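Rule-based calculations on the coordinates, nothing more; no lab input. Just so it is clear, the model here is predicted, and its values are computed rather than measured. For neighbour counting, all protein chains shown are included, and Cβ atoms are generated from backbone atoms with ideal geometry for every residue, glycine included.
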Amino acid sequence: MKDVILEYIKNEYLDEEEAEDMTLDENTPLISSGIVDSFSMVSLKRFLEKKYQVSLPDDEATPQAFDTVNNIIALVNKHKK
């Protein structure tokens, strides 16, 4: 799951030059570093819901929950059936 999410973030939110210059891992701050903004968070949430067949409640899809890939994985796992 970690690799899938990291790949999605690299492909959707970083241009090629940024992706080459940046080390992105499961602990990289996504929201606070500006990689993912509020609009991107919505598309990332939809991607996760489709990919992992989960429903992520809006009140839990917070900037803090989406700030690292580890936080995202914890949120998805919490709602997996």
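Points worth noting:
- Under the Debye formula (equal points on every Cα, no solvent term), log10 I(q)/I(0) of the chain at q = 0.22, 0.23, 0.25 Å⁻¹: -1.02, -1.12, -1.33
- Tail fraction, Cα-Cα pairs, region 1-48, threshold 18 Å, whole percent: 20
- The chain, dipole about Cα centre (Lys/Arg Cβ +1, Asp/Glu Cβ -1), debye to the nearest 20: 740
- Potential lengthening of the chain between E7 and A19 amounts to 3.3 nm, from the contour at 0.36 nm per residue minus the alpha-carbon distance.
- Along region 28-41 the Karplus relation, 6.51 cos²θ - 1.76 cosθ + 1.60 evaluated at θ = phi - 60°, assigns HN-Hα couplings of 5, x, 8, 6, 5, 8, x, 5, 10, 9, 5, 5, 5, 4 Hz to successive residues, with x for each Gly and Pro.
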